[in-house]
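To keep things clear, I will list the structure first and then write my remarks on it.
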There are 2 protein chains.
Amino acid sequence: MIRVLFSARPDLWDEYRDPLRDAFAAAGLSVDLARDHAPADVDYIVFAPNGPVSDFTPYVNTKLVMGLWAGVETIVGNTTLTQPLARMVDPALTQGMVEWVVGHTMRHHLGMDLHIAGQDGVWRNSTYPPLAKDRPVTILGLGALGEACGKALSQLGFPVTGWSRSAKEISGIRCLSGDDGLTMALRDAQIIVLLLPLTPQTENTLNADRLALLAPGAFIVNPGRGPLIDDDALLAALGTGQIGGATLDVFRQEPLPVDHPFWTHPHVLVTPHIASTTRPVSASQVVADNIRRVQAGEPALNIVDRAAGY
Amino acid sequence: MIRVLFSARPDLWDEYRDPLRDAFAAAGLSVDLARDHAPADVDYIVFAPNGPVSDFTPYVNTKLVMGLWAGVETIVGNTTLTQPLARMVDPALTQGMVEWVVGHTMRHHLGMDLHIAGQDGVWRNSTYPPLAKDRPVTILGLGALGEACGKALSQLGFPVTGWSRSAKEISGIRCLSGDDGLTMALRDAQIIVLLLPLTPQTENTLNADRLALLAPGAFIVNPGRGPLIDDDALLAALGTGQIGGATLDVFRQEPLPVDHPFWTHPHVLVTPHIASTTRPVSASQVVADNIRRVQAGEPALNIVDRAAGY
């Protein structure tokens, strides 16, 4: 009998209990899933922030801690965590992100907001908007999410540049890396999609200097993490028109405070951290598969590089 | 010297004169392009509605009439036109249509309007919206535009059904045809995209009976032609919630009259016939290529079937 501890908010237990049990059974695993095993008895931990476990010291026999979210910035710095940590890489989560990013990239590209706000009987048929091939898009971050979004946008005709800390090669994406590569990736880009992990190095990636590199009137799409953007610099660049619009799904404080200027800015769309959600059924299958691998002596998937922070 | 008559609104002459001359030169054609050749001297006619030519009888030596628009419903019934007629099939026009259809399909799929209208400080994070794979899309019309849109939506993960008058086979699209096929294509579809040509047979394709076949709350996207929809039936179905929303780019009368109820309906987005526009540079290349083919004794491309009406 494998003992799995579920440590997350109580409402998530209601959502995940049955899908996890179903996934364990489907994987042929005999699992005792609970929220209150004795620490020394726990083989695996399924983890999300704001649950009961914050000190991992007593979990001396735990082989793997599996996060339910793609981002691990709330746990990666926990010095009591000496066990291996896996991020959630869920095909359904990736697909959801692709759909959200494609949708909002197209919204900016097509200038939809002009028409959505202009249902006043005026026939605004400006002619010959640019095609996607003339709209360079840059994706910051080429993990599972950034790569999938970049490929989808490339297939739709956009010239896609991607930037990552370490060099990558991805078909259909002009891949750049390093500090010089970041400058090159941002210069004259018309739409920027932020899918970097949040680390001390990536905080404020889009600061005033870097926003100034973009094409005038560029659009920002942030489904990554709020602190990747210097909010004051963004508001200033929106004010001058250097940034033409922003769609922001993530924020330094969530829910975004009701008095934050993003809510009322005419060129900012706030969405409530919905770009992609871990879905219980598919995420439970990923968890079960990782346990099955470790039980079979195979390496776990999606292990976090604690030094890099993601 | 090949004599080409340009018959369209005067403002189009300003837009097309230079691109056409450039395209003829690039194709190695020696062309006298003008708006006032003697009818018997005219080898080819470039045509758009509301220009000087409506009686084609005196153009006894004209080998081909080439429309500038994808739709030919304003000319196909002209009984004086005995010369071959070509529709415009422009790769840039097709690409523009794909971008507009993908964008607005994603807008409905993601429920963007809820957030665009709700920038009021309320954090509306409904969980687990469906993925594209669980959102069946049906495209009515599988010409160059419908096929390209269907393939793009299929690549994004939507299950795509296409319907056309005559049977087709297109990879990635469940192709249906005929009257029974239309019923099957509409049944339980959640998003409908209208890209049928306008003919007496296709008028009011989406009538009350057919709207009732769709999944409750379905979305209608019409970048085709206005009369494909029975407007009163659509308004009634929006009223009951059977139709959850509509994005309409084309109308029985354009510009849409300022007092039409579509303008103010909370679940209708009116766009001003911008879904895709013929672009002078690429369209001129298509015109030049068709003249080059006919001059070389090859069959012209995109010839309209006058009996079918498109």
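The values are calculated or read from the model by the stated rules, or taken from the named source; none is laboratory data. Note that this is a predicted model, so its numbers are computed, not measured. Every residue, glycine among them, receives a Cβ derived from its backbone with ideal geometry; neighbour counts consider all protein chains shown. We work out accessible area using only protein heavy atoms, side chains counted, and drop any ligands, DNA or RNA first. Shrake-Rupley method; radii C 1.70, N 1.55, O 1.52, S 1.80 Å.
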On the basis of being assigned by TED's automatic domain parsing to the domain that holds A:ILE170 and either of a type in the set (Gly, Ala, Ser) or free of Cβ contacts under 8 Å to residues at least 24 places away in the same chain (or both), does A:ARG124 make the cut?
yes
If B:LYS133 satisfies every condition in (1) at the interface with chain A (Cβ under 8 Å from one of its Cβ atoms); (2) not in a helix (DSSP H, G or I) but one, which is the exception?
(2)
In region B:179-209, which residues are in contact with an Asp or Glu (Cβ under 9 Å, 6 or more places away or on another chain), outside any loop (DSSP other than H, G, I, E, B) and surrounded by fewer than 21 Cβ atoms within 10 Å (Cβ to Cβ)?
B:ALA208
Does A:ASN78 satisfy being loosely packed, with under 14 Cβ neighbours inside 10 Å and either more than 22 Å from B:THR271 (Cβ to Cβ) or facing chain B (nearest Cβ under 10 Å) (or both)?
no
Residue among A:MET97, A:MET88, A:MET112, A:MET106 that is in contact with a Ser or Thr (Cβ under 7 Å, 6 or more places away or on another chain) and within 14 Å of chain B (Cβ to nearest Cβ):
A:MET97
Can you list residue pairs whose Cβ atoms sit under 7 Å apart, with the first residue in region B:251-279 being at positive phi and the second being among the aliphatic types (A, V, I, L, M)? Count only pairs 6 or more apart in sequence or on different chains.
B:HIS273/B:VAL250
Looking at region B:161-169, is at least one residue touching a strand residue (DSSP E or B) at 6+ places or on another chain (Cβ under 6 Å), within 10 Å of another protein chain (Cβ to nearest Cβ) and assigned to a loop (DSSP other than H, G, I, E, B)?
no
Are there helices (runs of 4 or more DSSP H) fully within region A:213-308 with at least 3 residues that are exposed (fewer than 15 other Cβ atoms within 10 Å of the Cβ) and over 15 Å from the mean Cα position of the chain (by Cα)? List them.
A:231-240
Would you confirm whether or not region A:144-160 contains a residue that is hydrophobic (A, V, I, L, M, F, W, C), touching a residue at least 24 places away in the same chain (Cβ under 8 Å) and facing another protein chain (nearest Cβ under 9 Å)?
yes
Contact list please: Cβ distance under 8 Å, first residue in region B:28-49 and touching a residue at least 24 places away in the same chain (Cβ under 8 Å) and surrounded by 13 or more Cβ atoms within 10 Å (Cβ to Cβ), second residue in a strand (DSSP E or B) and hydroxyl-bearing (Ser, Thr, Tyr), pairs at least six apart or on different chains.
B:ARG35/B:SER7; B:ILE45/B:SER7; B:VAL46/B:SER7; B:PHE47/B:SER7; B:ALA48/B:SER7
Flag for B:PRO159 being open to solvent by 50 Å² or more (accessible area, probe 1.4 Å) and closer than 17 Å to B:VAL101 by Cα
yes
Working only within region B:82-110, note down all residues that are without any contact (Cβ under 8 Å) to a residue 60 or more places away in the chain and farther than 25 Å from B:PRO272 by Cα.
B:THR82, B:GLN83
Of all the residues that make up region B:184-237, how many are within 18 Å of B:HIS104 (Cβ to Cβ) and not polar (S, T, N, Q)?
22
Can you name the condition, by its number, that A:LEU176 falls short on among (1) over 26 Å from A:LYS133 (Cα atoms); (2) open to solvent by less than 40 Å² (accessible area, probe 1.4 Å)?
(1)
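Rundown of residues vs (1) farther than 22 Å from A:LEU198 by Cα; (2) at pLDDT 95 or above; (3) touching a Lys or Arg at 6+ places or on another chain (Cβ under 6 Å), yes/no style:
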position	(1), (2), (3)
A:ASP32	yes, yes, yes
A:TYR59	yes, yes, no
A:THR62	yes, yes, no
A:LEU81	no, yes, no
A:MET88	no, no, no
A:MET97	no, yes, no
A:TRP100	no, yes, no
Among the residues of region A:63-76, write down those that are over 18 Å from the mean Cα position of the chain (by Cα) and in contact (Cβ under 8 Å) with a residue 40 or more places away in the chain.
A:LYS63, A:LEU64
With (1) more than 8 Å from chain B (Cβ to nearest Cβ); (2) free of Cβ contacts under 8 Å to residues at least 40 places away in the same chain; (3) farther than 23 Å from A:CYS149 by Cα as the list, and A:ASP289 as the residue in question, which single condition is left unmet?
(2)
Might you check whether a residue that is open to solvent by less than 20 Å² (accessible area, probe 1.4 Å), of a type outside the set (Ser, Thr, Tyr), within 14 Å of chain B (Cβ to nearest Cβ) and on the phi < 0 side of the Ramachandran plot occurs anywhere in region A:14-22?
no
